[in-house]
Each structure stands twice: as structure tokens, then as C-alpha cells.
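The values are calculated or read from the model by the stated rules, or taken from the named source; none is laboratory data. What you see is a predicted model; the values in this text were computed from it and never measured. Cβ atoms come from the backbone with ideal geometry, glycine included; neighbour counts cover every protein chain shown. When the accessible area is computed, the model is the full protein with side chains, heavy atoms only, and any ligands, DNA or RNA have been set aside. Shrake-Rupley method; radii C 1.70, N 1.55, O 1.52, S 1.80 Å.
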Amino acid sequence: MAQKKGRVFSGARPTGRQHLGNYLGAIKNYVALQDDYDCVYCIVDLHALTTLDTTLEIRENTYEMALDWLAAGIRPEETIMFIQSHVPQVTELHLLLSMVTPLGKLTDLPTFKEKARMQPHNINYGLVGYPVLMAADILLYKADIVPVGIDQASHVEFTREIARSFNYRYKTDTLKEPQVKHTEIPKVIGTDGQNKMSKSLDNHIELALTPQETVQRVMTMVTDPQRKTRQDPGNPDVCNVFSMHKIFSSPQEVEMVNIECRRAGIGCVDCKKLFAKNLNTSLEPFRSRRNELAKNPQDIWDILHDGARRASQIAKVTLQEARQAIGLPD
Ligand code: TRP
């Protein structure tokens, strides 16, 4: 195998079955990066605890997400795919990093303020330390590259600062400053035509739906709000269905929709049907692979445990180096 260019690390919270936004914004990129990098992909169950009111679904959501990642093309023979809490060294590094993290920096972060606003009833200590735990993830595995969406870019910058502070304070070069890599399509709009696609807003299209369910879901998509009737010409430039055509339809179809929508030659219903058809075609291999994998749930858990075993080999080395740099007794 050709020499890889370095190590990629990324994490995602266990949100269960993945949707188009997850796929286009993250998973697709995770899959592609495997060709050039050693990849470590983590299901961050500990991070999830900072915002969950109930943990009843965490196990199921972890399983469903892992299944989707595998069906989408994550290759567990090469890539390390694991559950964050299975490698507890991350919590120790988190504590060590917290000693070089100014509290004011954490409470000033826009992501913290946003979360505090969203859950004023539950501004917990873990929420404040969220970026420190994320830094611990990245630094523990000495990642060169961290692929994230725009919203998480400030956390990677923050990770670089913590790495520098740690290295400076303890006169070491143990922690490696990672580079951020923006995912290609940072924002996928949901079926409401307005907000970022997300499960919590119920404006998402799950990858694992049946073809019929997919059609139903696509039919609820909001199109150009100015186009009130079939006879009105539409404006593809402001239509989310058209954005999706650009990803899932052939260049000829995109051109056809672009022209016909503007002169009311095609209505929104037919336009959506065409998109749903193309989406179903492109998800076909994913779905059949998913059905195959789902026949043996234990295999998924085995893959995750094997990932944790490989991840902890890296984690133990970094943690030992960090302890030594600080001067903690052996
Ligand atoms: N904070 C990220 C999110 O909310 C998830 C995450 C945790 C992560 N650890 C990470 C992403 C390390 C990249 C690298 O989406």
C-alpha cells in the first residue's frame, strides 16, 4: 500500500441513523480520506452527555451510526473506528489539558454561549469543558488533519492553542498542532428549505429509509416560496430541491430542471419525484450493504471493540509522554 500522508482524526456524536446532511457534510469525506490518510473516527459518547436529557438511546444511537458509517464505506480493516469512552485515556488527558486552559477562553467561545442559551436549565461543567475534551481527542491521537464543518473550526483552532500552551509550559513537543480541513459542503439545508438539516428539527432525510419513505419525505420539501401555483415560473437559485439535483442528478437533468422550472415547464411535484428517484438510485448500494451488515449486530460491536483496542495503543503512548513532560511520578 502506498505511504499515507498522515493521520486524520474526526469525531461525531452518536445521533443514530444518519441523514443526508451527515452524509454530505461528513461521512462522504471520511470515506474519501481513507485513500490518502490513516484515519481514526470516533463516536464521541462522552461529548453527547453534555447535552442529553436522557441517555436511554445512547447505545442504540451508537450502533445505528456505526452501521451507517460502515455501510457508507468506512473500512474497519484500515481505519480505526471506535467509541470514545472505550479509550479512557482521553479523560485523563482532558484533565491534564484543563490545567493549561484559561477558563475565560472557554466561556467566551460562541459555541459555549450558544449551548448555554439553548439549555439554560443545564449549564453543566462538562459543557464548559467540551472543547477541552475535543482537544484531548485530537491531541491524544496526534492527528495531522481534522475534517470538520465550519461550526467546529474554532474548536480546532482552540486545540492548537492548547497544544502550544502545553508544549511551552512543560518544555516539550509531545502534542502536535493539527490542521483543520473544511468539509466540502458545510451546510446542507433541510426539508423546511431554511435550516441546516438536523434530526432535532425533523427536517432530515435519513439514508436508511426505504425508497417509498424517501419519496414521501422528499415530497415534503419546501421549494421556492414565491412559486405558488404550477403555472408560476420558479427560481431554482433559491430552491433547495435544485441544490439537491446538483448533487444527485445527471448534468442533463440539472440543466433541464434549471430551464424548465424557470418557465414553468416542470412543476415542483415532478421535480421532486425526479430527485427522489435519483437519490434512491444513488443510495441503493448503501442500503443493500446496510441490510447485510444489520444481519449480524455483534459484528458491529466487534468492529468497535477492535477499533478501541487499536486506538488505545496510540493513546497510551501519548498519555505517557504527556505525564513525563509534566513530571508526574512514574
Ligand atoms: N465537537 C464535535 C461536534 O460537535 C464532535 C467532536 C468531538 C470532534 N471530538 C472531536 C470533531 C474531535 C472532530 C475532532 O460535532
| Restricting the search to segment 181-233, which residues are open to solvent by 60 Å² or more (accessible area, probe 1.4 Å) and in a strand (DSSP E or B)? | Lys181, His182, Lys196
| said: Criterion first (part of a helix (DSSP H, G or I), in contact with a helix residue (DSSP H, G or I) (Cβ under 7 Å, 6 or more places away or on another chain) and either near the ligand (Cβ under 10 Å from one of its atoms) or touching a residue at least 40 places away in the same chain (Cβ under 8 Å) (or both)) does Phe112 satisfy it? | reply: no
| What number of residues in segment 262-302 are over 30 Å from Pro236 (Cα atoms) and part of a helix (DSSP H, G or I)? | 13
| message | Which numbered condition in (1) on the phi > 0 side of the Ramachandran plot; (2) over 13 Å from the mean Cα position of the chain (by Cα); (3) of a type outside the set (D, E, K, R) is the only one that Gly16 fails? | response | (2)
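One line per residue, one yes/no per condition, for (1) more than 12 Å from the ligand (Cβ to nearest atom); (2) free of Cβ contacts under 8 Å to residues at least 24 places away in the same chain:
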{"position": "Val132", "(1), (2)": "no, no"}
{"position": "Tyr141", "(1), (2)": "no, no"}
{"position": "Ile150", "(1), (2)": "no, no"}
{"position": "Glu157", "(1), (2)": "yes, yes"}
{"position": "Arg160", "(1), (2)": "yes, yes"}
{"position": "Lys171", "(1), (2)": "yes, no"}
{"position": "Thr174", "(1), (2)": "yes, no"}
{"position": "Pro178", "(1), (2)": "no, no"}
{"position": "Lys181", "(1), (2)": "no, no"}
| remark: When every residue in segment 155-178 that is among the charged types (D, E, K, R) and part of a helix (DSSP H, G or I) is compared, the one farthest from Val132 (Cα to Cα) is Arg169
| task | Quickly run through segment 234-254 and pick out the residues that are over 30 Å from the mean Cα position of the chain (by Cα), surrounded by 14 or more Cβ atoms within 10 Å (Cβ to Cβ) and polar (S, T, N, Q). | result | Asn235
| said: Kindly evaluate Val90 against the criterion of being under 30 Å from Leu67 (Cα atoms) and out of contact with any Asp or Glu (no Cβ under 7 Å at 6 or more places or on another chain). | reply: no
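Determine, yes or no, whether Asp144 is surrounded by 20 or more Cβ atoms within 10 Å (Cβ to Cβ), among the charged types (D, E, K, R) and within 27 Å of Gly21 (Cβ to Cβ).
Taking the combined requirement at face value, the residue does not satisfy it.
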| field | Count of residues meeting criterion [closer than 30 Å to His19 by Cα and either open to solvent by less than 80 Å² (accessible area, probe 1.4 Å) or not in a helix (DSSP H, G or I) (or both)] in segment 303-330 | value | 8
| request: Confirm whether Glu64 is in a helix (DSSP H, G or I), away from the ligand (no atom under 16 Å from the Cβ) and of a type in the set (Asp, Glu). | output: yes
| request: Take segment 59-89 and flag every residue that is touching a helix residue (DSSP H, G or I) at 6+ places or on another chain (Cβ under 7 Å) and open to solvent by 40 Å² or more (accessible area, probe 1.4 Å). | output: Ser85, His86
| said: Within segment 117-130, take every residue that is in a helix (DSSP H, G or I) and within 15 Å of the ligand (Cβ to nearest atom) and give me the one that is most open to solvent (accessible area, probe 1.4 Å). | reply: Met118
| Which of (1) under 30 Å from Ala136 (Cα atoms); (2) open to solvent by less than 40 Å² (accessible area, probe 1.4 Å) is the odd one out, the single condition Val257 does not satisfy? | (1)
| query | Pairs, please: C-beta under 7 Å, at least 6 apart or cross-chain, first residue closer than 11 Å to Ala315 by Cβ and of a type in the set (Phe, Trp, Tyr) and in segment 79-95, second outside any loop (DSSP other than H, G, I, E, B) and away from the ligand (no atom under 12 Å from the Cβ)? | reply | Phe82/Leu304; Phe82/Gly307; Phe82/Ala308; Phe82/Ala311
| task | Only residues that are touching a Phe, Trp or Tyr at 6+ places or on another chain (Cβ under 6 Å) and open to solvent by 60 Å² or more (accessible area, probe 1.4 Å): list them for segment 1-41, please. | result | Lys5
| task | Kindly indicate whether Met99 is open to solvent by 50 Å² or more (accessible area, probe 1.4 Å) and modelled with pLDDT of 95 or more. | result | yes
| note | When (1) within 13 Å of the ligand (Cβ to nearest atom); (2) in a helix (DSSP H, G or I); (3) over 30 Å from Gln320 (Cα atoms) are applied to Thr51, the one that fails is (2)
